[in-house]
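*Asks:* Okay, handing you the structure first.
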Amino acid sequence: MGFDTALTKALGIRLPVVQGGMQWVGYAELAAAVSNAGGLGILTALTQPTPEDLRKEIRKCRSMTKNPFGVNLTLLPSLVPPDYAAYAQVIIDEGIRIVETAGNNPGPVIKQLKAVNTIILHKCTTIRHAKSAVKLGVDFLSIDGFECAGHVGEHDIGNLILLNRARQDLGVPFIASGGFADGYGLAAALALGAEGINMGTRFMCTIEAPIHAKVKQAIVDADEADTALVMRRWKNTTRLFANEVTKQALKVERESTSGEFAEMAPFVSGKRGREVFLNGDIDFGVWTAGQVIGVIHDVPTCGELLSRIEREAVGAMDRSKALYTATPQSKL
Ligand SMILES: Cc1cc2nc3c(=O)[nH]c(=O)nc-3n(C[C@H](O)[C@H](O)[C@H](O)COP(=O)(O)O)c2cc1C
């Protein structure tokens with residue numbers, strides 16, 4: 001017995017669970033652990049300072065797992081954009097044929113990757129963007145609901161609606177992302193028509209995630225109200241862990257009379273956020289987490305986590321099936 005979805009079939013994985021790209025978290029240690037546990041581990045290309053560093057990380061990951069793994073390439077607005085084509089070329093040259101894309105104007109990179117038949121999982125937060133990605137020939141959509149960590153988009157649509165819309169309208173297989181942490185969520189996503197789930201925050205809270213233990217503990221201690229949305233004023237809304245710096249940043253965003261992003265920039269520095277993961281001072285800078293922090297209560301290995309997810313999902317699906325019976329007991 002095992003899962004048999006469009007995702008498991010296309011990627012050659014045992015469990016329909018993907019570890020989404022995570023800046024400063026998606027290194028070989030985590031991706032290999034997820035893949036070894038039967039899911040799809042993903043390296044985050046831009047955690048590597050150069051394309052050549054990404055090549056080394058791919059080789060490192062390959063030495064740690066015999067199972068399929070992928071690479072995330074995120075295209076975000078930037079004054080000096082990274083050389084995305086060079087990163088994509090390394091991905092191609094190293095024989096990686098599963099890529100998670102995300103962000104703005106992915107067309108050229110998707111074209112480059114599809115030329116060698118790469119399987120593309122494109123992540124987006126609206127059905128409109130999903131439809132544009134379908135036109136670009138992506139293989140799977142990763143539908144990132146409002147619950148998710150990081151860039152939530154500007155429409156604030158939760159996954160109960162987004163996933164239903166994806167099933168009704170897309171005509172391309174999709175996976176559910178944002179707010180998933182366990183097998184109950186996986187069973188729910190499959191019931192809504194998804195082929196699997198994508199998780200970020202839950203994987204931060206595993207033994208193999210290469211971040212400081214105090215960050216993992218902060219997630220375990222938090223509840224679902226401990227995130228905040230910043231940068232809405234600049235239409236770049238991002239969900240962050242609601243620590244002291246995030247609260248200061250929000251205050252500046254609300255109170256700034258100039259409306260200049262420059263006033264906000266020092267508070268949302270990515271460099272300081274990276275330091276948090278290294279030094280464990282959770283208030284040193286801003287860092288990303290999803291509302292799912294409310295349902296994360298431990299720090300298991302990826303193997304333990306994925307076995308539990310499988311067990312729970314099967315139990316939840318059995319329970320749902322048993323609720324529809326030939327002999328209902330209702331007295332009405
Ligand atoms: C610390 C962190 C960093 C992230 N960085 C990226 C990134 O660089 N690119 C990307 O496409 N998604 C990024 N994400 C989003 C995840 O891939 C995933 O879509 C999201 O976490 C799903 O929501 P969840 O956290 O509720 O599982 C990040 C998430 C976290 C928690």
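The values are calculated or read from the model by the stated rules, or taken from the named source; none is laboratory data. These numbers were taken from a predicted model, which means no experiment stands behind them. As a convention, Cβ positions derive from the backbone with ideal geometry for all residues, glycine included, and neighbour counts pool all protein chains shown.
*Asks:* Output the number of residues of the range 127-154 satisfying the condition of being more than 14 Å from the ligand (Cβ to nearest atom) and of a type in the set (S, T, N, Q).
*Replies:* Residues meeting the conditions: 1.
*Asks:* If you don't mind, there's one more thing I want to ask. Please find, within the range 186-203, the residue that is surrounded by the most Cβ atoms within 10 Å (Cβ to Cβ) out of those that are touching a Pro at 6+ places or on another chain (Cβ under 8 Å) and not in a loop (DSSP other than H, G, I, E, B).
*Replies:* I197
*Asks:* Given (1) of a type outside the set (S, T, N, Q); (2) over 30 Å from N236 (Cβ atoms); (3) in contact (Cβ under 8 Å) with a residue 40 or more places away in the chain, identify the lone condition not met by L46.
*Replies:* (2)
*Asks:* Could you please let me know if A191 is more than 15 Å from the ligand (Cβ to nearest atom), touching a residue at least 60 places away in the same chain (Cβ under 8 Å) and within 22 Å of K9 (Cα to Cα)?
*Replies:* yes
*Asks:* If we only count helices (runs of 4 or more DSSP H) wholly inside the range 206-275, which ones have 3 or more residues that are touching a Gly at 6+ places or on another chain (Cβ under 8 Å) and not hydroxyl-bearing (S, T, Y)?
*Replies:* Filter on the range 206-275 gives 213-221.
*Asks:* Filter the range 292-332 for residues that are part of a loop (DSSP other than H, G, I, E, B) and under 15 Å from A187 (Cα atoms) and give the result.
*Replies:* Once the filter is applied, which keeps residues that are part of a loop (DSSP other than H, G, I, E, B) and under 15 Å from A187 (Cα atoms), the range 292-332 yields only L323.
*Asks:* Got a number for residues in the range 61-78 being farther than 13 Å from A37 by Cβ, buried (at least 18 other Cβ atoms within 10 Å of the Cβ) and either away from the ligand (no atom under 12 Å from the Cβ) or under 14 Å from the mean Cα position of the chain (by Cα) (or both)?
*Replies:* 6
*Asks:* I need every pair where a residue in the range 126-145 that is β-branched (V, I, T) has its Cβ under 8 Å from the Cβ of a residue that is in a helix (DSSP H, G or I) and more than 16 Å from the ligand (Cβ to nearest atom), sequence separation at least 6 or different chains.
*Replies:* I127/R165; I127/D169
*Asks:* Which of (1) out of contact with any Leu (no Cβ under 6 Å at 6 or more places or on another chain); (2) touching a residue at least 40 places away in the same chain (Cβ under 8 Å); (3) part of a helix (DSSP H, G or I); (4) not hydrophobic (A, V, I, L, M, F, W, C) is the odd one out, the single condition D283 does not satisfy?
*Replies:* Failed condition: (3).
*Asks:* Further question on the same structure: Of the numbered conditions (1) in contact with a Lys or Arg (Cβ under 8 Å, 6 or more places away or on another chain); (2) loosely packed, with under 15 Cβ neighbours inside 10 Å, D223 satisfies every one except a single condition; which is it?
*Replies:* D223 satisfies all of (1) in contact with a Lys or Arg (Cβ under 8 Å, 6 or more places away or on another chain); (2) loosely packed, with under 15 Cβ neighbours inside 10 Å except (1).
*Asks:* Looking at G280, G290, can you tell me which residue is surrounded by fewer than 19 Cβ atoms within 10 Å (Cβ to Cβ) and within 15 Å of the ligand (Cβ to nearest atom)?
*Replies:* The unique qualifying residue is G280.
*Asks:* Would you mind telling me which numbered condition in (1) surrounded by fewer than 17 Cβ atoms within 10 Å (Cβ to Cβ); (2) modelled with pLDDT of 95 or more I175 fails?
*Replies:* Only one criterion is unmet by I175, namely (1).
*Asks:* Which members of the range 63-77 meet the condition of being in contact (Cβ under 8 Å) with a residue 24 or more places away in the chain and either among the polar types (S, T, N, Q) or within 15 Å of I98 (Cα to Cα) (or both)?
*Replies:* T65, N67, P68, F69, G70, V71, N72, L73, T74 - these are the residues of the range 63-77 that are in contact (Cβ under 8 Å) with a residue 24 or more places away in the chain and either among the polar types (S, T, N, Q) or within 15 Å of I98 (Cα to Cα) (or both).
*Asks:* Same structure, new question: Being within 13 Å of the ligand (Cβ to nearest atom) and either surrounded by 21 or more Cβ atoms within 10 Å (Cβ to Cβ) or at positive phi (or both) is the filter here; which residues of the range 88-108 pass it?
*Replies:* V99, E100, T101, A102, G103, P106
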